[in-house]
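Colleague: Have a look at this one before I ask anything.
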Amino acid sequence: MNIVFIGPPGSGKGTQSKQLLAKLGLSHLSTGELLRSSQQQGMALGKEASDSMDRGNLVPDELVVGLVDNRLDHPDCKRGCLFDGFPRTVGQAQALDQMLAKRSTRVHLVLELVVDESELVTRILRRAKTSGRVDDTPETVQTRLDVYHSQTAPVVDHYRQFDLVEEIDAVGTEEEVFQKIMVCVERLS
Ligand code: AMP
């Protein structure tokens, strides 16, 4: 089973992904984590991505799609993946459809986490105190939210045409949100 998590920064994608991974035994495919680890390892790709990441802008599609294509070749991805932070543009969504079709599979479910904007800003700035992430600053938060609305929200419409989207009200305790997610996942099986 392949599940895509879509939601603005601060909507709880990372936290909820971890819970769902533990429950379903899927592989985690977070492009943010892949990019940060390329940076930490001093890889050329990490350096190329740094400027966009630090400013809260998206890294070019071809860089991210290449990373995902490589990751999908790892044997653990055969059991299915949980895509966290990918796709973030309609171009990436189309590329993902093709990469999965090439491997005789597809996206089975898209979970859209919905949280209102003032709550998102509060959450990101709270996370900034402990995350150590250079992009968790007040200056980049608004850019990341604007990027989400202009480039990533249309990805939800892309998947709506295939009737794959479940909207999750992601305000509440971690456990409450997770229960809502599980209701949608269990409907699939
Ligand atoms: P995240 O950890 O998912 O919040 O991602 C952190 C940053 O990495 C984003 O603000 C982007 O600069 C970059 N990034 C992560 N995933 C993608 C993606 N799918 N497409 C483009 N840029 C990405």
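The values are calculated or read from the model by the stated rules, or taken from the named source; none is laboratory data. These figures come from a predicted structure and were not determined experimentally. Note that we place each Cβ from the backbone using ideal geometry, even for glycine, and neighbour counts take in every protein chain shown. With ligands, DNA and RNA removed, areas are computed over all heavy atoms of the protein, side chains included. Shrake-Rupley method; radii C 1.70, N 1.55, O 1.52, S 1.80 Å.
Colleague: So if I check each of E62, E33, E48, which one is within 14 Å of the ligand (Cβ to nearest atom), within 29 Å of E117 (Cα to Cα) and open to solvent by 40 Å² or more (accessible area, probe 1.4 Å)? Steps first, answer last, please.
Modeller: On the way: E62 fails: within 29 Å of E117 (Cα to Cα); E48 fails: within 29 Å of E117 (Cα to Cα).
Checking each option against the conditions leaves just E33.
Colleague: Mind listing whichever residues of the range 105-121 are over 23 Å from S52 (Cβ atoms) and in a helix (DSSP H, G or I)?
Modeller: Matches in the range 105-121: S118, E119.
Colleague: Considering every residue within the range 85-95, establish whether at least one is open to solvent by 20 Å² or more (accessible area, probe 1.4 Å), modelled with pLDDT of 95 or more, closer than 30 Å to S189 by Cβ and among the β-branched types (V, I, T).
Modeller: Yes, some residue in the range 85-95 is open to solvent by 20 Å² or more (accessible area, probe 1.4 Å), modelled with pLDDT of 95 or more, closer than 30 Å to S189 by Cβ and among the β-branched types (V, I, T).
Colleague: Which one is modelled with the lowest pLDDT among residues in the range 122-165 that are among the aromatic types (F, W, Y) and either open to solvent by less than 80 Å² (accessible area, probe 1.4 Å) or not in a loop (DSSP other than H, G, I, E, B) (or both)? Steps first, answer last, please.
Modeller: Quick first cut of the range 122-165, residues among the aromatic types (F, W, Y) only: 148, 159, 162.
Pick out the ones that are also either open to solvent by less than 80 Å² (accessible area, probe 1.4 Å) or not in a loop (DSSP other than H, G, I, E, B) (or both) and you get 148, 159.
Details: Y148: 95, Y159: 98.
Here the answer is Y148.
Colleague: Hey, can you tell me all the residues within the range 111-161 that are among the basic types (K, R) and more than 30 Å from C184 (Cα to Cα)?
Modeller: Applying the first criterion (among the basic types (K, R)) to the range 111-161 yields 123, 126-127, 129, 133, 144, 160.
Within the range 111-161, K129, R133 qualify.
Colleague: Among the residues of the range 151-159, are any closer than 15 Å to R55 by Cβ and hydroxyl-bearing (S, T, Y)? Explain how you work it out, then say what you get.
Modeller: Here is the first cut: in the range 151-159, the ones closer than 15 Å to R55 by Cβ are 151.
The next check asks that each one be hydroxyl-bearing (S, T, Y); those that pass are none.
No, the conditions are met nowhere in the range 151-159.
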